[in-house]
């Protein structure tokens, strides 16, 4: 398992890594990608790695509660990330799975299997090694509290459950997928509970993280807020 970023991205010296944590649907990935582009950082979508493993389990017909087989499947997975024309592509056993890992079934499976220690350990080691070689921005559930404890800047990005549900509802409707707003919000509340109460690396705001509530902010406002925090801290 590896991530091919290319030699041009490697540098020596202090790394100004950014960790963005927060609940599902807060917009972490969207914001992280835009901030990375503006700052010239490498965006590492840690969630996509877990999603790829979740997809592998679904394809094998493995239930999330079947810990032994979940771990077995994940240990056998070859998950790679390449950047093609500046866009991150996720490969599972040589197959580009970008188009399969963002559906609700995969999202729910991802949350469920990420509680298993061996699954997390396999990916955390890779994520940490990346951050030692270049300026990166990572988003997830435990980046600031576990993966990048010494990150230059930690952000806890959140929004109300209703706001997050409305955003997800709009996205699904635009893609002509039938859905129910109240059911989406219930799924988000349930997922928040699982993420915050799991035994291994539960979702929580790091003590030194800056809280950014984007319930009433647009994307540009959130991006500008984080970039301003970076610039202020560098001074």
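Would you work out if the stretch 176-235 is rounded, prolate or oblate? Take a ≥ b ≥ c from the square roots of the eigenvalues of the alpha-carbon gyration tensor; rounded if a/c is under 1.5, else prolate when a/b is larger than b/c, oblate otherwise.
Verdict is oblate for the stretch 176-235.
So for the pair residue 221, residue 190, with labels modelled 7 Å out along Cα→Cβ, what separation do we get in nm?
Each label point lies 7 Å from its Cα, and together they span 3.2 nm.
Using a Förster radius of 22 Å, what is the FRET efficiency between residue 60 and residue 197 based on their Cβ-Cβ separation? Nearest 0.05, please.
Working: r = 27 Å, r/R0 = 1.22.
Computed FRET efficiency for residue 60 and residue 197: 0.25.
I want to check the label-to-label distance for residue 76 and residue 125. Put each point 7 Å from Cα in the C-beta direction and report it in nm to one decimal.
Rounded to a tenth, the inter-label distance reads 2.0 nm.
What number, in percent, do you get for the relative contact order of the chain if the mean sequence gap of Cα pairs under 8 Å and at least 6 apart is divided by its residue count?
Contact order relative to length: 31 percent.
Hey, what number do you get for the chain at 222 nm if only DSSP H runs of n ≥ 4 count, each worth -39500 (n - 2.57), divided across all residues, to the nearest 500?
-14500 deg cm²/dmol
In the stretch 97-139, which residues have a backbone nitrogen under 11 Å from the label point lying 7 Å from residue 87's Cα in the Cα-to-Cβ direction?
Label zone hits: 98-99.
Values quoted throughout were computed directly from the atomic coordinates according to the rules given, and no laboratory measurement underlies them. Only a predicted model underlies this, so the values are computations on that prediction, with no experimental measurement involved. FYI the Cβ positions are ideal-geometry reconstructions off the backbone, even for glycines, and counts take in every protein chain you see.
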